[in-house]
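These notes concern the structure reproduced below.
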2 protein chains.
Amino acid sequence: MKQNIGFIGTGVMGHSIAQHLLNAGHNLHLYTRTRQKAQSLLDSGAIWVDSPAALTQTSDVIFTIVGFPQDVESIYFNTNGLIPHLRPNMVLVDMTTSSPDLARRIAAAAVEQQAIALDAPVSGGDKGAREATLSIMVGGDEPTFKRLLPLLRLLGCNIVYHGPAGSGQHCKLCNQIAITGTMIGLCESLAYARKSGLEPNHVLQSIASGAAGSWSLSNLAPRILNNDFSPGFFVKHFIKDMEIAAASATALNLDTPGLKLALELYQQLAAAGYGDNGTQALYKLYGDV
Amino acid sequence: MKQNIGFIGTGVMGHSIAQHLLNAGHNLHLYTRTRQKAQSLLDSGAIWVDSPAALTQTSDVIFTIVGFPQDVESIYFNTNGLIPHLRPNMVLVDMTTSSPDLARRIAAAAVEQQAIALDAPVSGGDKGAREATLSIMVGGDEPTFKRLLPLLRLLGCNIVYHGPAGSGQHCKLCNQIAITGTMIGLCESLAYARKSGLEPNHVLQSIASGAAGSWSLSNLAPRILNNDFSPGFFVKHFIKDMEIAAASATALNLDTPGLKLALELYQQLAAAGYGDNGTQALYKLYGDV
C-alpha cells in the first residue's frame with residue numbers, strides 16, 4: 001500500500017535508503033540541509049519540503065539519518081523541528097547512530113503528542129544501503145516496530161528488535177565497540193608485518209581465514225596495503241560513535257579500557273588531519289611503516 | 001615415499017599432527033616429556049625413543065611442537081638436545097609459537113652442522129590440527145621448504161612461505177596481535193550489551209555478520225554467553241605469545257599500545273587465577289557482568 005513517507009538526510013547512506021522507499025512506490029517527501037544533495041531523488045519523483053515541520057503535515061512515517069547527535073537534536077526539537085509539529089499516530093524513525101539518551105528523550109516527547117518514535121540505527125555501510133542488505137537495530141515500541149517491518153524490509157535484511165527506546169542505539173554501540181578493538185589489532189598487526197620485513201599480502205594470506213580473521217581484516221587491510229585511505233566510514237563519525245559509547249559506558253559504570261584507547265588513538269589521528277579519511281587510516285599512526 | 005620422521009611434543013596440537021604423519025604411512029619416532037601422553041600414538045605404531053638426541057639417530061626430519069620458548073630452547077640446545085647431535089642434511093621443523101630470535105639462533109646452529117631448521121608455527125587450533133586444515137607459516141631455507149611441502153600438506157591446507165629464518169614466527173605474531181584487539185573489542189562489546197540491558201544473543205544476531213564480524217565473535221562470543229570458559233586456546237599460552245610479540249615489537253622500535261593493553265589485561269586475568277581458561281575468559285575482567 002502506497003504510504004506517505006517523510007525523509008531527512010541524504011548523505012551516502014540516506015540517499016540509497018530514500019531511493020529504495022521511492023522505488024517501492026511510496027510518496028516520498030524530502031527535506032535535507034543541502035537541497036543540492038537531494039536533486040537526483042527529486043528527479044526520481046521525491047517531493048521537496050522546506051522544513052522538518054512541513055514534513056509532519058504530509059507524512060505518516062518520517063525517517064531521519066543525519067550526521068551527529070546535535071543534528072538529530074535540532075531536527076527533532078527546534079521550533080521548526082519534528083516534535084513540536086507532530087500529529088497523533090505519526091511514526092518517527094531515527095536511523096542516525098546517536099545517543100541512547102537522546103533516543104529515549106525523543107521517544108518520550110513523541111508519546112506526549114500521541115505519536116511514536118523508534119531508534120533504528122544501521123550497519124552495513126554504503127554498500128549495505130545500496131544493496132538493501134543493512135543490519136537494522138531497533139529500539140522502541142514493539143507493536144509499532146512490527147507494523148513498520150514491511151518498510152524496514154525494503155532497506156535491510158537483518159532486522160532485529162532490541163527492546164525499549166534507546167536499545168537500537170545501545171546495540172549499534174556494541175557493534176562499534178567490537179570494531180574499535182579489531183581496528184587496533186589489525187593496524188598493529190600490519191605495522192608489525194612491515195617492520196619485521198614480511199610481505200604483508202602473504203601475511204594476510206596466512207591469517208585472514210583463521211582465528212585472526214575479521215570483516216576488517218578481509219575488507220580494510222587490503223585497502224591499507226593499497227594505500228587507499230578513502231572513507232568507507234569516516235574517522236570523524238567513528239570518533240563521534242566512540243564518544244557516545246564511552247560516555248554511555250561510564251554512565252553504566254562499565255570500564256572499557258580498549259574503547260578508551262581506541263578513542264584516544266583516533267582523536268590523535270583526527271588531530272593530525274585525517275578526520276575525513278576512512279577508519280583504516282588508523283594505520284598511519286604506526287610510525288614510519 | 002616412506003620417511004623416517006621424528007616428533008617431539010604430544011599436546012593437543014602435536015597429538016593430531018603426529019597422527020596424520022603416522023596415518024600417511026611414515027615411520028614415526030617419538031619423544032615427549034610425559035610418555036603417557038604419547039601412549040595412543042605408540043599404540044598406533046609410533047616408536048618411542050628416550051631423548052631428543054636419540055631422535056637424531058633415527059630420523060631425517062624432526063617436527064617439534066611444545067609449550068614455551070624455554071621448552072624449545074632445551075629440546076634444541078641441551079646436551080641431550082637435537083642440535084648437538086644433528087647429522088648432516090637433517091631437517092628440523094619447529095611448529096611451536098616461539099620467538100623469531102630463537103628461530104634464527106636454531107637455524108644458524110643447524111647450518112653449522114650442515115643441517116637445516118625451519119620455523120613453521122601454525123594456527124587453526126585443535127580443530128585445525130585434527131582436520132588437517134591448519135594454516136602453516138614457514139620461515140627458513142626456501143628450497144628445504146619446497147622439499148618439505150608434501151609432508152606439510154598432510155597437516156594443513158594454507159601453507160605460506162614468509163622468508164628467512166624467524167619469518168614464520170613473525171607471521172604468527174601478526175596473527176596473535178590481530179587477535180588481541182579483536183578479543184578486547186569483543187569482550188567490551190558483550191559487557192556493554194549486558195550492562196545496557198540488551199539480550200546479548202540478539203546483539204550477536206545484529207552484529208556478527210557485518211563490519212563488527214570476526215572469527216572470535218562467531219566462535220567465542222557464543223561460548224561466553226554460554227558461560228563456557230574452557231580452553232580452546234589457553235590464556236597462559238596467549239600471554240606467552242603476547243610477551244614475545246611485545247618484546248619483538250619493542251626491538252623493532254614499533255609502539256603497539258593495543259598489544260600492551262591486551263597483555264596487561266590478560267596478565268590481570270592470569271593473576272586472578274584464570275590462566276588455564278580459554279582466551280574468551282577475558283570477559284570475566286569486565287566486572288559484575
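General remarks:
- Rg and Dmax over the alpha-carbon atoms of the stretch A:1-115 stand at 13.0, 37 Å.
- Fraction of alpha-carbon pairs over 38 Å apart in the protein assembly as shown - percent: 39 percent
- With contacts taken as Cα pairs under 8 Å at a separation of at least 6 residues, the stretch B:171-286 carries a relative contact order of 39 percent.
- With the charge dipole of the protein assembly as shown set up from +1 on Lys and Arg Cβ and -1 on Asp and Glu Cβ about the Cα centre, the Cα lying farthest toward the positive end among the listed residues A:GLY128, A:LEU86, B:THR180 is that of A:GLY128.
- Counting only alpha carbon atoms, the long axis of helix B:142-152 and the longest principal axis of chain B meet at about 80°.
- Taking the Cα centre of chain B as origin and assigning +1 to Lys and Arg Cβ atoms and -1 to Asp and Glu Cβ atoms, the resulting dipole is close to 380 debye.
- Rounded D (µm²/s) - the stretch A:162-202, Kirkwood Rh over Cα pairs, Stokes-Einstein at 10 °C, 1.306 mPa s: 129 µm²/s
- Sum of side-chain charges, B:PRO121 neighbourhood, beta-carbon under 11 Å (Lys, Arg +1; Asp, Glu -1): -2
- Local electrostatic count at A:GLU243 - Lys and Arg +1, Asp and Glu -1, tallied over other residues with Cβ under 12 Å: +1
- Across chain B, C-alpha contacts under 8 Å between residues 6 or more apart give a mean separation that, scaled by the residue count, equals a relative contact order of 14 percent.
- Surface burial for A against B, with a 1.4 Å probe and both sides summed, reaches about 4500 Å² of accessible area.
- Total lysine pairs under 27 Å (Cα atoms) in chain B, excluding pairs fewer than 8 apart on one chain: 24
- Relative counts (whole %) of C-alpha pair distances in the stretch A:57-209, using bins that are 5 Å wide: 2, 9, 16, 18, 16, 11, 7, 6, 5, 4, 3, 2, 0, 0
- FRET efficiency for the B:ASN23 to A:GLN3 pair, using the beta carbon distance and R₀ = 60 Å, is estimated at 0.40.
- Summed side-chain charge close to B:LYS172 - residues other than B:LYS172 whose Cβ falls under 10 Å, Lys, Arg +1, Asp, Glu -1: -2
- Rounded FRET efficiency, nearest 0.05, which uses the C-beta distance separating B:GLN39 from A:CYS157 and R0 of 60 Å: 0.70
- Calculated from the alpha-carbon coordinates, the stretch B:171-286 shows an Rg and a Dmax of 14.2, 44 Å respectively.
- Subtracting the Cα-Cα distance of B:PHE77 and B:GLU142 from their residue separation scaled by 0.36 nm leaves 21.0 nm.
- Chain B - Rg (one decimal) and Dmax (whole number), Cα, Å: 20.0, 65
- The stretch B:108-156: proportion of alpha-carbon pairs further apart than 11 angstrom, %: 70 percent
- For chain B, the longest principal axis of the C-alpha atoms and the axis of helix B:235-251 are separated by about 80°.
- When a 1.4 Å probe is rolled over the protein heavy atoms, the share of accessible surface on the stretch A:23-81 that falls to carbon and sulfur comes to 45 percent.
- For the stretch B:166-230, the alpha-carbon radius of gyration amounts to 1.27 times the rule-of-thumb value 2.2 N^0.38 Å expected for a compact globular protein.
- Helical contribution to [θ] at 222 nm, DSSP H n ≥ 4, -39,500 (n - 2.57), averaged over the protein assembly as shown, rounded to 500: -14500 deg cm²/dmol
- For the stretch A:131-201, the relative contact order works out to 31 percent when only alpha carbon pairs closer than 8 Å and six or more residues apart are counted.
The values are calculated or read from the model by the stated rules, or taken from the named source; none is laboratory data. Small disclaimer: the values here were computed from a predicted structure and weren't measured. So basically every Cβ, Gly included, is an ideal-geometry build from the backbone, and we count neighbours across all protein chains shown. Ligands, DNA and RNA are stripped out before the accessible areas are found, and what is left, the full protein with its side chains, is counted by its heavy atoms. Shrake-Rupley method; radii C 1.70, N 1.55, O 1.52, S 1.80 Å.
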